Amino acid sequence: MTDPTSTPNAADPAADPFAGPAVVDAVVVGAGFAGMYMLYRLRERGLTAMVFEAGTDVGGTWYWNRYPGARCDVPSMEYSYSFDPGLEQDWEWTELMAAQPEILSYARHVADRFDLRRHITFETRVTAAHWDDERQRWRVRTDAGHEVEARWCIMATGCLSVPNTPDLPGLDSFAGTLLHTGRWPKEEPDLTGLRVGVVGTGSSGVQAIPVLAERAGQLTVFQRSPVYTVPAGNKPLRAETAAEFKARYPEIRERQRNSATGFLGPLALKESRPARAEGEGGTGGGASSGGGGRKGLLDLAPDEREAAFDRFGPGAYQRFRDVYLDPEANEVACELFRREIRKIVHDADTAAGLEPREYPLACKRPVIDTHYYETFNRPNVELVDLRRSPLVEVTPAGVRTTDGEVALDVLVLATGFDAMTGALSRIELTGRAGRPLTDVWADGPRTYLGLQMEDFPNLFMVNGPGSPSVLSNMIVSIEQHVEWIAAALDHLAASGHTTMEPAPEAVEAWVAHVNELAEGTMYTAPSCNSWYLGSNIEGKARVFMPYVGGFGRYRQRCTEIAEAGYDGFVLA
Ligand code: NA7
């Protein structure tokens, strides 16, 4: 389907960026899984498109996050595209949850298989996008000097793509090697015999620490907030399991699309259950899926609670819905969780240092690990509990806390991201009447369905704030958004409309709905600080950003809105 008002792009604008504005139907920002699939769907419609990507290759998150131990926390048979049955059948995953190099290879394979690279301009960052109300077009600029005019602008910029480098005093003075997990060098640094420090114990730190401990001479973990992490249970993927998935993919994909988290986990190969009960896949769920409506932890006698943790380990809490909603049940689960840490970690002082106490379970994104707590039993690993001895400064020689200086050759920041809004707020993005996005979002992101914003016509976000995104299987959510956007473009072309944006009252109602759903969950508990809330970034508005009502329900709502003639959107 071709946009009747479009101007085909005659020349290759990448060839001579200074030849004046190129004109395409769509600019896509980012060539991760979202950008690649968006390009595929745009081209399928005969639309001209340019994709800009800052990296030298496709892959997005999996291109940048190549730190040791980086791995997906959703099973790969599910964390993969469903749009092409041939791709589904041909690709072979080697592990239950693939490591970063394998996922990057998959992304590269997709780019080659569908010949996507010729419309992607690499090593180029979009710096500005301005809506030109007169021409009804976006004017997009890059750091390589491109100027492109496009009817549609699609932000496939990722939820976790802007690394957070905290303002640690003296950081610039460090004389050793400074690394960030989210910008790990392509050439793996040789850490043999070196003194390595890690700041940060979120998902990235928890994945990196056991591997760094094996490679480094000495590893010191500087921990501000202990993590609640449960064993990933990763293992090689059995050929029979992969074959069964492949045989049953159509049914499994359909169930994913109706589930709360967009993945089924251990339920995937079990007989189909009613859609509403699914979605307790293991890691991404939280309040939307936690416990699947079974018994509460407080319904059990104390010895039964202990027995549950004895049997299922620290992840036992995920089986009880009240842990996600009731502070009392949550604290009972936290105490049982701490007991699990004490069982694994030999040194009592270190175990106490690893016990989370200041915030509830299920407040931050669930973390899964491979031998994280066991790593602290190694003779070359030391925990520095910054709650007891706060970090004073980074020095040329290492890190100084109130307890003294730790000498380091390498300092690894595993300090996370300016999540969900970070990438868009770094682009000079203006809508109608030059209205800057940073003003519109000053008090937190405002979107309709996480897909569009008022006063930013024809600009779409893939997995934007206000959609399930990070609370779901990202690839399933990406496919849903891309397909919804593609269908909207078809509808506009067929109905002779050229612009689309949400009505202010639809945005208002959606923002209120997203906030209301998150209220009363552990995600927004007063003691909770998380990147979901933006509270890991100084000065960022404290607002819960993803949609917590479940992926299946969200998808249903998006479909109904489209079927009702794009209810809440203004088509002009
Ligand atoms: P996270 O989950 O945001 O974790 C960042 C970690 O860094 C966390 O432990 C922070 O402690 C710590 N941090 C941040 N700033 C500081 C300072 N200034 N001093 C000490 N410690 C600090 O990021 P990840 O990269 O691990 O994971 C992000 C997502 O990527 C993850 O959820 C998966 O979806 C994949 P804090 O908790 O703020 O006290």
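Just give me the residues in segment 448-466 being at negative phi and among the charged types (D, E, K, R), in sequence order.
Once the filter is applied, which keeps residues that are at negative phi and among the charged types (D, E, K, R), segment 448-466 yields only Glu454.
Evaluate the following for Thr201: is it modelled with pLDDT of 95 or more, in a loop (DSSP other than H, G, I, E, B), in contact with a strand residue (DSSP E or B) (Cβ under 6 Å, 6 or more places away or on another chain) and of a type in the set (S, T, N, Q)?
yes
When you scan segment 354-375, how many residues do you find that are away from the ligand (no atom under 12 Å from the Cβ) and outside any helix (DSSP H, G or I)?
So the answer is 7.
Can you name every residue in segment 196-218 that is within 6 Å of the ligand (Cβ to nearest atom), within 17 Å of Pro366 (Cβ to Cβ) and not polar (S, T, N, Q)?
Listed by number, the residues that qualify are Gly200, Gly202, Gly205.
Which residues, taken from segment 241-294, are among the acidic types (Asp, Glu) and either touching a Pro at 6+ places or on another chain (Cβ under 6 Å) or modelled with pLDDT of 85 or more (or both)?
Glu244, Glu251, Glu254
Could you figure out which of (1) assigned to a strand (DSSP E or B); (2) away from the ligand (no atom under 11 Å from the Cβ); (3) in contact with a Leu (Cβ under 9 Å, 6 or more places away or on another chain); (4) of a type in the set (A, V, I, L, M) isn't true of Val230?
Going through the list (1) assigned to a strand (DSSP E or B); (2) away from the ligand (no atom under 11 Å from the Cβ); (3) in contact with a Leu (Cβ under 9 Å, 6 or more places away or on another chain); (4) of a type in the set (A, V, I, L, M), Val230 breaks only (3).
When Val392 is evaluated against the numbered criteria (1) aliphatic (A, V, I, L, M); (2) under 20 Å from Ser204 (Cβ atoms); (3) within 15 Å of the ligand (Cβ to nearest atom), which criterion, by number, is the only one it fails?
Evaluating Val392 over (1) aliphatic (A, V, I, L, M); (2) under 20 Å from Ser204 (Cβ atoms); (3) within 15 Å of the ligand (Cβ to nearest atom) leaves (2) as the failure.
Considering only residues that are within 15 Å of the ligand (Cβ to nearest atom) and at positive phi, look in segment 515-554 and name the one that is surrounded by the most Cβ atoms within 10 Å (Cβ to Cβ).
Top of the filtered list is Gly534.
Looking at Asn330, Asn380, which one is buried (at least 20 other Cβ atoms within 10 Å of the Cβ), modelled with pLDDT of 95 or more and either over 18 Å from Gln207 (Cβ atoms) or not assigned by TED's automatic domain parsing to the domain that holds Pro226 (or both)?
Asn330
Among the residues of segment 136-157, is there at least one that is in a helix (DSSP H, G or I), within 30 Å of Asp369 (Cα to Cα) and modelled with pLDDT of 95 or more?
no
Pairs under 6 Å by beta carbon, first residue on the phi < 0 side of the Ramachandran plot and within 16 Å of the ligand (Cβ to nearest atom) in segment 409-428, partner among the aromatic types (Phe, Trp, Tyr) and not in a helix (DSSP H, G or I), six or more apart or different chains?
Taking only residues 6 or more apart or on different chains, the pairs are Leu411/Phe174; Ala419/Trp531.
The values are calculated or read from the model by the stated rules, or taken from the named source; none is laboratory data. What you see is a predicted model, and the numbers here were worked out from it, not measured in a lab. All Cβ positions, even for glycine, are placed from backbone atoms using ideal geometry, and neighbour counts span all protein chains on display.
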